[in-house]
Amino acid sequence: MFSNKVTSIGQSPIREFAPIQEKRTKEGTHVYQLNIGQPDIVTPKEFFSAVRNFDENILSYTNSKGIPELLEAFEEYYKEIGSNMKKEDMIVTNGGSEAILFSFLTLCNEGDEIIVFEPYYTNYNIFATQAGINMVSITTKPEENFRLPSKKEIKSKITDRTRAFCITNPSNPTGRVYTKEEIKLLCDIAKENNLFIIVDEVYREFVYDGKFISFSSIKEVEDRVVIIDSISKRFSACGARIGLIASKNKEFMAHVLKLAQARLCAPYIDQVGAAAVLKHTSKEYIENVIKEYKHRRDTIYQRLKKIKGIQVQKPAGAFYLIAKLPVENAHEFSKWLLENYDYNNETVMLCPASEFYSTKELGVNEVRIAYVLKEEDLINAVNILDKGLTEYQKVFNTNKVVETTKKKSKILIAKEQPAI
């Protein structure tokens with residue numbers, strides 16, 4: 001009764017446990033949500049001011065490319081960061097997600113292939129299924145700080161069905177910031193093999209170690225580069241759903257426009273707010289946000305390192321990290337921690353990392369952590385994780401039977417003050 005495409009899509013590991021979280025919250029348990037990249041940073045007041053002052057009698061359709069003031073604002077933004085993207089090179093999308101989907105649909109026939117570097121943003125799998133294409137993964141390793149592999153290894157994955165690379169820089173979920181050498185390597189391979197590079201740069205401001213280099217700055221391949229952008233993370237405006245797809249390849253953009261016209265336009269009101277934050281948000285706002293995330297990165301990294309059995313690499317950018325836990329199955333542990341455990345009437349929501357890999361045996365005992373909460377909350381969350389791991393290992397290593405859903409019971413922990 002239902003399509004093979006939709007039935008083959010699994011639940012997103014980022015939101016899979018949402019019903020459990022909602023249940024625990026209704027029961028009065030505070031849940032620290034480290035599973036999703038939803039910042040607690042205040043959205044710039046300029047966004048809300050522009051929306052409140054919207055003065056039109058009709059909330060009409062807009063141009064499928066985006067409203068002029070938003071495209072102009074993006075052009076000025078790119079100029080300030082040293083990019084030559086012009087408004088004619090851009091189309092406003094319903095979030096960065098639609099921009100990724102449009103890229104896949106424009107570049108690929110059904111059965112074609114996109115090369116990704118695992119671990120990668122898990123929702124790319126859903127977009128690939130919608131487009132009827134295959135994701136071909138190349139593994140990057142935590143012991144090598146998730147750097148790109150050799151040219152020989154990358155080229156070995158290219159077939160006559162390969163159409164593009166897809167990469168996030170800085171990386172979600174690893175926090176890797178790719179070096180000039182890595183970027184040039186991928187650009188050289190793309191040029192030699194007539195491939196596109198789809199680059200998700202929504203975290204470009206959030207770099208704490210090293211230097212961000214945009215793929216769009218490599219002149220030799222500017223006609224092969226597709227930039228994915230969004231205001232969601234930069235301005236803590238995830239709910240606005242305003243993204244962008246940009247490329248110097250005019251033929252590519254002409255085809256994308258046909259897809260944009262089919263869905264008519266991005267939300268008018270949100271575009272107005274987005275134009276305002278791009279034009280009028282102070283540089284001090286961004287500088288303070290970067291400073292805050294760097295502090296959060298340092299806070300959670302140092303505390304995770306102190307937990308026995310956890311292995312973690314220090315992320316250089318974005319606001320995510322991959323942590324290897326001392327458990328056999330991170331999915332089972334994450335569910336148990338959220339559903340059956342609390343400390344001082346608080347618990348933690350994690351994101352199992354196995355779905356960020358295509359290689360099935362990888363990521364089974366890993367989680368992705370989004371350090372999007374304030375310092376105090378991160379400290380409390382890591383303390384709960386530490387105590388939860390100890391309790392989990394004690395309970396299941398001694399073959400005790402823990403009744404969970406049927407009896408609606410939970411592990412009761414004495415009320416203490418956080419030790420970390």
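The values are calculated or read from the model by the stated rules, or taken from the named source; none is laboratory data. On a predicted model such as this, the values are computed, not experimentally measured, just so you know. Glycine gets a Cβ as well: all are built from the backbone with ideal geometry, and neighbour counts include every protein chain shown. Just so you know, the surface numbers come from the protein's heavy atoms only, side chains and all, with ligands and any DNA or RNA stripped out. Shrake-Rupley method; radii C 1.70, N 1.55, O 1.52, S 1.80 Å.
Some points to look at:
- If you go through the stretch 299-339 and keep only what is within 13 Å of E366 (Cβ to Cβ) and in a strand (DSSP E or B), you end up with Q311, V312, Y320, L321, I322, A323, K324.
- Among (1) in a loop (DSSP other than H, G, I, E, B); (2) surrounded by fewer than 19 Cβ atoms within 10 Å (Cβ to Cβ) - the single one G66 does not satisfy: (2)
Each row is one residue, and each column tells you yes or no for (1) loosely packed, with under 12 Cβ neighbours inside 10 Å; (2) touching a Phe, Trp or Tyr at 6+ places or on another chain (Cβ under 8 Å); (3) of a type in the set (S, T, N, Q); (4) in contact (Cβ under 8 Å) with a residue 60 or more places away in the chain.
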residue	(1), (2), (3), (4)
K157	no, no, no, no
R161	no, no, no, no
A164	no, yes, no, yes
G175	no, yes, no, yes
Y178	no, no, no, no
E181	yes, no, no, no
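- Evaluation of E251 against (1) in a strand (DSSP E or B); (2) of a type in the set (D, E); (3) open to solvent by 40 Å² or more (accessible area, probe 1.4 Å) (one fails), failing number: (1)
- In the stretch 374-419, the residue that is surrounded by the fewest Cβ atoms within 10 Å (Cβ to Cβ) out of those that are at pLDDT 95 or above and in contact with a helix residue (DSSP H, G or I) (Cβ under 7 Å, 6 or more places away or on another chain) is E375.
- For first residues located in the stretch 384-410 and closer than 22 Å to L304 by Cα and among the charged types (D, E, K, R), partners that are buried (at least 18 other Cβ atoms within 10 Å of the Cβ) and at pLDDT 50 or above and lie 6+ apart or on another chain with Cβ distances below 8 Å form the pairs D386/I307; K387/Y343; E391/Y341.
- Of the set (1) of a type outside the set (G, A, S); (2) open to solvent by 20 Å² or more (accessible area, probe 1.4 Å); (3) under 20 Å from K306 (Cβ atoms), all apply to E339 but (3).
- Qualifying positions in the stretch 345-364 - part of a loop (DSSP other than H, G, I, E, B), of a type outside the set (D, E) and over 19 Å from R303 (Cα atoms): N345, A353, Y357, S358, T359, K360, L362, G363, V364
- Of the residues making up the stretch 183-202, those that are open to solvent by 10 Å² or more (accessible area, probe 1.4 Å) and either in contact (Cβ under 8 Å) with a residue 60 or more places away in the chain or in contact with a His (Cβ under 9 Å, 6 or more places away or on another chain) (or both) are F196, D200, V202.
- Checking S150, S137, S156 one by one, the residue that is of a type in the set (G, A, S), under 21 Å from I322 (Cα atoms) and modelled with pLDDT of 95 or more is S137 and no other.
- Residue in the stretch 6-15 that is in contact with a helix residue (DSSP H, G or I) (Cβ under 7 Å, 6 or more places away or on another chain), over 17 Å from D270 (Cα atoms) and surrounded by 18 or more Cβ atoms within 10 Å (Cβ to Cβ) present: yes
- Residue match in the stretch 249-263 (condition: in contact with a helix residue (DSSP H, G or I) (Cβ under 8 Å, 6 or more places away or on another chain), aromatic (F, W, Y) and farther than 19 Å from E69 by Cβ): yes
- Y120, sole failed condition from (1) surrounded by fewer than 22 Cβ atoms within 10 Å (Cβ to Cβ); (2) assigned to a loop (DSSP other than H, G, I, E, B); (3) of a type in the set (S, T, Y): (1)
- Residues satisfying the stated conditions in the stretch 24-45, i.e. surrounded by fewer than 16 Cβ atoms within 10 Å (Cβ to Cβ), in a helix (DSSP H, G or I) and in contact (Cβ under 8 Å) with a residue 40 or more places away in the chain: none
- Candidate set from the stretch 258-273 (those that are part of a helix (DSSP H, G or I) and of a type in the set (A, V, I, L, M)); member that is most open to solvent (accessible area, probe 1.4 Å): A262
- Apart from one condition, D229 fits all of (1) under 19 Å from the mean Cα position of the chain (by Cα); (2) acidic (D, E); (3) assigned to a helix (DSSP H, G or I); the exception is (3).
- Residues that are touching a residue at least 24 places away in the same chain (Cβ under 8 Å), open to solvent by 50 Å² or more (accessible area, probe 1.4 Å) and more than 20 Å from A318 (Cβ to Cβ) within the stretch 274-303 comprise K279, H280, listed in sequence order.
- Restricting the stretch 315-334 to residues that are in contact (Cβ under 8 Å) with a residue 40 or more places away in the chain and touching a Leu at 6+ places or on another chain (Cβ under 9 Å) leaves a set whose member that is nearest to I36 (Cα to Cα) is L321.
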